[in-house]
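Please treat every number below as a calculation from the coordinates, not as lab data. Not measured: the values here are computed from a predicted model. All Cβ positions, glycine included, derive from the backbone under ideal geometry; neighbour counts span all protein chains shown.
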Amino acid sequence: MKIKIGVFFGGKSVEHEISIITANQAITSLNKDKYEIIPIYISKNGKMYTGENLFDLKEYKDMDKLIKKCEEIVCVNNGNKANVLRVNNKMFSSNIINTIDVAFPIMHGTNGEDGSIQGFLEILGIPYIGPDVLASSIGMDKIMMRRILKEQNIPSLEYVAFYSLDYIKGEDKYIKEIEDKLTYPVIVKAGNLGSSVGIKKANNREGLAEAIEFAMEFSDRIMVEKAITNLKEINCSVLGDMIDAIPSTCEQPIGSDEILSYKDKYVGGSKSKTGGSKGMATLQRKVPADIPEEMHKKIQDIAVKTFKILGCSGVARIDFMIDMEDNNIYVNEINTIPGALSYYLWEATNKPFEKELDELVEIAFKRNRERQNRTYSYDQNILALGNGVKGAKK
């Protein structure tokens, strides 16, 4: 029998449309002889829908019209599987539309890479592809990730981080801290967003204040780091889990500005066969990256270490910065559900997209088998023992 894969995409995120593109790429490339695909689109207001029209990327040009053609659904636990139920019940027919054997969350940014959808799938009790709640939330949070990597001696830039509300209460204090610890130019980032959203460069105090105000529109936590003036960006993907992981070849993205923008990543470039953008696959790049072999190998090693330290699973992309003045390498960030699932990097590493997707499914089932062998609760009900109802530990 075919494995039933529920592909979750969309969601409440500034990367909603990018999620749709990546999901469409995966759905198109999954082996239809092995898998039955159940598309589950999450709208921007958080409702879930399924239906045949969700397979056609052209339908998303008019979201309201598309949703009317689909069935609003909810997912509920059914042992090791999940039932897909219609919200608007029918009187004389089953309201179970389908079942899911394994979930494939392909949701970028907020509510997708921050552990939210992963937590939902954990409660649903089914295997799912990609990082768990902890790895997702750490990977999404630039500040927490940076703290962990520094503690583990993974090379990363010096930074200053703070809450937006604290900055409002003491703007001069934080400006002084930044200027004492770092030198201009600096990069100001929203603490928990991806895809170059909420990021600006500042060359002086006035520009710094402006960049912080801009980042505060997107996040309540801000990170400021030293800007590398002679910069080369390198990306490397990793596939596996925290025990066994392998790196892809490295790429060198080429942006139109000093900071690789959202537009560079997703808007420019060629179109897909279905008429929409190819997402990250449109980004101009050199594959393999134009760097010495020794540096290429070093970046791959650091990428795998980063992936494992953060407890990742599935496929991720680690973005690096090279300071061309001294050739020092720094981890910039990790994308735990990368755009296009980094298929272009794996194809350049002689692993076709279909094969990458097969391995992602295998990794998800492997993790689920391992978790089933752990103890999460006891059969004993302490409320039936009598004394427990008093609520005293002693």
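Summary of computed values
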{"quantity": "Kyte-Doolittle at least -1.0, axis length at least 18 Å by Cα - qualifying DSSP helices, the chain", "calculated": "16-29, 293-309"}
{"quantity": "Electrostatic dipole magnitude of the chain [Cβ: Lys, Arg +1; Asp, Glu -1; Cα centre; debye, to 20]", "calculated": "1340 debye"}
{"quantity": "Residue-span extension gain [Asn88 to Phe214] - 0.36 nm each, minus C-alpha spacing", "calculated": "41.1 nm"}
{"quantity": "The chain: calculated mean residue ellipticity at 222 nm from DSSP helix runs of at least 4, using -39500 (n - 2.57)", "calculated": "-9000 deg cm²/dmol"}
{"quantity": "Ranking of Leu193, Leu239 by count of other Cβ atoms within 10 Å, fewest first", "calculated": "Leu193, Leu239"}
{"quantity": "Members of Lys58/Lys81; Lys4/Lys32; Lys58/Lys90 lying beyond 22 Å, as alpha-carbon distances in this model show", "calculated": "Lys58/Lys81; Lys58/Lys90"}
{"quantity": "Among Gly115, Gly191, Gly51: highest mean-square fluctuation, GNM of the chain, C-alpha pairs under 10 Å", "calculated": "Gly51"}
{"quantity": "Neighbour-limited loop hits for trypsin sites (Lys or Arg not before Pro), the stretch 11-62 (at most 13 other Cβ within 10 Å; DSSP other than H, G, I, E, B)", "calculated": "Lys32, Lys34, Lys44"}
{"quantity": "Among (i) 69, 66, 42; (ii) 68, 62, 43; (iii) 81, 48, 46, the entry that matches Cα extents along the principal axes in Å as calculated here", "calculated": "(i)"}
{"quantity": "Met107, Met91 arranged by Cβ crowding within 10 Å, fewest neighbours leading", "calculated": "Met91, Met107"}
{"quantity": "Long-range HN-HN contacts of Thr99 with modeled amide H, under 5 Å", "calculated": "Val84"}
{"quantity": "Loop chymotrypsin sites (Phe, Trp or Tyr not before Pro), the stretch 1-98 (other Cβ atoms within 10 Å of the site Cβ: 10 or fewer; DSSP)", "calculated": "Phe92"}
